[in-house]
Amino acid sequence: MAFTSFSDFLAMGGYSFYVWLAYGVSLLSVITLISHSVLTRKKIFKQVAQRLQREKRIKAANNREHNL
Amino acid sequence: MLKWLHPYAKAEHSYALAGKLMPWFLILTIPSFLVGIVWGLAFAPADYQQGDSFRIIYIHVPAAMMAMAAYSTMAIAAFVGLVWQVRLAEMAVAATAPIGAVYTFIALFTGAAWGKPMWGAWWVWDARLTSELILLFVYMGIIALYNAFSDKVLAGRAASILTLVGVINLPIIHFSVVWWNTLHQGATITKFEQPSIATEMLIPLLMMIFSFATFLGFMILYRFRNELLQREQHRAWVVKLVQAKQRG
Amino acid sequence: MFNVFIQVVRQDLLAAFRHQSAILNPIWFFIIVVTLFPLGLGTDPTLLSRIAPGVIWVAALLAALLSFERLFKDDYIDGSLEQMMLSPYPLAWLVSAKVLAHWLLTSLPILIISPLLAIFLSLQIDAFYALSLTLLIGTPILSLLGAIGVALTVGLRKGGILLSLIMLPLSIPILIFSTMAVEAAASGQDYLGFVLLLAAMLVGAITLAPFAIAAALRVSIS
């Protein structure tokens with residue numbers, strides 16, 4: 001253990017601002033990357049689901065017309 | 001090897017294969033990341049010259065290394081894609097570029113945050129930082145080119161060509177920047193270049209490099225699957241997948 | 001084979017001479033950009049001669065960038081690019097002829113008027129020789145690199161800014177080596193090494209770039 005107490009750990013030997021800034025921004029950018037990837041995946045699924053729904057509706061409407 | 005696979009089955013199989021591999025990469029990433037970061041931040045001894053500010057090394061160096069590795073991955077994928085006309089490889093190029101750009105950005109930012117206490121300035125025209133910046137420009141160019149095409153098949157091929165042009169250029173850029181730097185800055189800053197690093201500092205660094213590498217693999221697979229879904233969204237296997245998800 | 005090359009060059013030159021503004025505009029742009037620097041930074045001759053190589057090179061880069069869009073655009077619109085692809089001659093060969101014509105039309109005039117700008121920026125005579133030499137060797141590399149970018153973006157509606165995004169980072173080594181050569185010359189040192197490096201890059205670009213341009217055009221046109 002390089003630090004004696006937790007507050008000592010947070011202080012980072014006087015470099016707390018730089019160290020935590022670097023770690024914080026890195027974490028933030030990785031989180032942005034992950035959420036972008038997850039959102040893209042969800043968007044594709046939603047797109048396909050909406051298209052399927054639309055196709056189903058069109059088919060149903062066609063059938064109704066046919067029955068009339 | 002891929003020829004015997006049915007062209008439509010290829011995408012579906014790759015999707016499944018990528019899905020099977022993904023958890024393994026995650027299993028490798030998480031423990032090495034946790035151990036590496038706790039060890040690096042709290043247990044590794046402080047550097048006798050730089051104090052605790054050197055702990056930025058545990059993200060700066062892995063990010064910089066893996067930013068280069070991501071580009072090499074893209075270059076290999078682009079080569080395979082263009083020479084053997086493997087579309088999946090071109091998708092891998094498109095999937096990797098944003099991850100490489102984020103890693104490059106992390107390397108740049110942490111380099112600046114490390115430079116401020118060490119050099120007294122957020123930015124110095126250090127050879128390594130400068131070529132890192134140019135690498136970021138190249139990544140952004142590839143991403144912008146890929147996004148500019150509405151036809152993603154063409155986009156993948158264009159991005160692959162640009163990746164290969166870049167891979168020939170990047171060593172020249174790096175070399176020229178190093179030379180330019182040594183001519184313009186009388187005394188080069190060698191604080192980053194420690195002749196030897198203590199074992200207690202090195203092991204967490206290696207663990208962080210490992211976890212950045214496996215995370216890169218994980219993200220490539222994830223985004224590769226996204227690319228596949230996007231391009232094959234009219235195929236039956238994607239429809240089946242979506243329906244299965246709706247029911248489940 | 002060689003006749004075709006010359007024919008393509010001649011055709012392009014003739015077509016360009018019919019629209020003279022297309023040739024003249026980048027040159028005026030180049031002169032104006034260079035003029036802006038003394039106006040913005042003051043007229044101290046030592047300062048000007050120190051920044052001159054960088055200014056002239058950056059201006060040449062931007063002027064080249066402006067003119068690139070024309071390189072394949074007209075041929076893309078009127079379909080002669082497609083004709084080129086169908087011709088029995090290798091596309092890379094024909095494309096090199098087009099790049100050569102483009103270089104003759106845009107970079108050669110810049111080279112010719114560079115003495116004027118050297119006077120504007122109070123550049124010493126030794127530095128000026130080095131500058132002309134680097135322009136002579138460096139601008140063809142720029143044209144080849146730019147042609148790759150144009151070939152990639154010619155099919156896109158808004159290719160202009162994208163072209164600069166993908167091309168400028170790749171042209172950094174040329175800028176660095178050229179300005180270092182001029183600086184070395186200005187301080188009375190030997191600058192042949194930098195010029196030879198540029199020449200090596202030119203040889204590499206001439207051998208590799210045409211294939212990249214041809215591949216990029218195939219993507220843009222399909």
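The values are calculated or read from the model by the stated rules, or taken from the named source; none is laboratory data. Note that the coordinates shown come from a computational prediction; the quantities given were computed from them, not determined experimentally. A quick note on method: Cβ atoms are made from the backbone with ideal geometry, for glycine too, and the neighbour counts reach across all protein chains shown. Remember, those area values only see protein heavy atoms, side chains included, never the ligands or the DNA or RNA. Shrake-Rupley method; radii C 1.70, N 1.55, O 1.52, S 1.80 Å.
Quick look at the values:
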read-out: Of all residues in the range C:47-65 being within 13 Å of the chain's Cα centre (by Cα) and not β-branched (Val, Ile, Thr), the one that is surrounded by the fewest Cβ atoms within 10 Å (Cβ to Cβ); value: C:LEU62
read-out: Residue selected from the range B:104-129 under the condition within 27 Å of B:LEU164 (Cβ to Cβ) and open to solvent by 10 Å² or more (accessible area, probe 1.4 Å), by the criterion nearest to the chain's Cα centre (by Cα); value: B:PHE105
read-out: Residue pairs meeting the criteria (Cβ under 9 Å; at least 6 apart or on separate chains; first farther than 19 Å from C:LYS158 by Cα, in the range B:145-172; second among the aromatic types (Phe, Trp, Tyr) and surrounded by 22 or more Cβ atoms within 10 Å (Cβ to Cβ)); value: B:THR163/B:TYR71; B:GLY166/B:TYR71; B:GLY166/B:TYR139; B:VAL167/B:TYR71; B:LEU170/B:TYR71
read-out: Qualifying positions in the range C:1-48 - in a helix (DSSP H, G or I) and of a type in the set (D, E, K, R); value: C:ARG10, C:ASP12, C:ARG18
read-out: Subset of the range B:71-103 that is among the aromatic types (Phe, Trp, Tyr) and surrounded by fewer than 20 Cβ atoms within 10 Å (Cβ to Cβ) - its residue that is farthest from B:GLU12 (Cα to Cα); value: B:PHE79
read-out: Among the candidates C:PHE17, C:PHE5, residue that is among the aromatic types (Phe, Trp, Tyr) and open to solvent by less than 90 Å² (accessible area, probe 1.4 Å); value: C:PHE5
read-out: In the range C:61-86, the residues that are in contact (Cβ under 8 Å) with a residue 60 or more places away in the chain and over 15 Å from C:LEU145 (Cβ atoms); value: C:LYS73, C:TYR76, C:LEU81, C:GLU82, C:MET85
read-out: Qualifying residue in the range B:123-143 (condition: within 28 Å of C:ALA215 (Cα to Cα), of a type in the set (Phe, Trp, Tyr), part of a helix (DSSP H, G or I) and facing another protein chain (nearest Cβ under 9 Å)); value: yes
read-out: Residues located in the range A:31-58, provided they are within 7 Å of another protein chain (Cβ to nearest Cβ) and farther than 17 Å from B:LEU228 by Cα; value: A:LEU33, A:LEU52
read-out: Residues satisfying the stated conditions in the range B:140-165, i.e. touching a Pro at 6+ places or on another chain (Cβ under 8 Å) and either surrounded by 20 or more Cβ atoms within 10 Å (Cβ to Cβ) or among the aromatic types (Phe, Trp, Tyr) (or both); value: B:GLY141
read-out: Out of C:GLY193, C:GLY160, sole residue that is without any contact (Cβ under 8 Å) to a residue 40 or more places away in the chain and surrounded by fewer than 20 Cβ atoms within 10 Å (Cβ to Cβ); value: C:GLY193
read-out: Single match in C:LEU145, C:LEU121 (criterion: surrounded by 20 or more Cβ atoms within 10 Å (Cβ to Cβ), under 13 Å from the mean Cα position of the chain (by Cα) and either modelled with pLDDT under 90 or within 14 Å of chain B (Cβ to nearest Cβ) (or both)); value: C:LEU145
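Results for (1) modelled with pLDDT of 85 or more; (2) in a helix (DSSP H, G or I); (3) open to solvent by 80 Å² or more (accessible area, probe 1.4 Å); (4) away from chain C (no Cβ under 11 Å), shown as yes or no for each residue.
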position	(1), (2), (3), (4)
B:PHE175	no, yes, yes, no
B:LEU183	no, yes, yes, no
B:ALA187	no, no, yes, yes
B:GLU227	yes, yes, no, yes
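Okay, residues lined up against (1) closer than 19 Å to B:PHE215 by Cα; (2) buried (at least 23 other Cβ atoms within 10 Å of the Cβ); (3) within 14 Å of chain A (Cβ to nearest Cβ):
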residue	(1), (2), (3)
B:SER32	yes, no, no
B:VAL35	yes, no, no
B:ALA42	no, no, yes
B:TYR58	yes, yes, yes
B:ALA63	yes, yes, yes
B:ALA69	yes, no, no
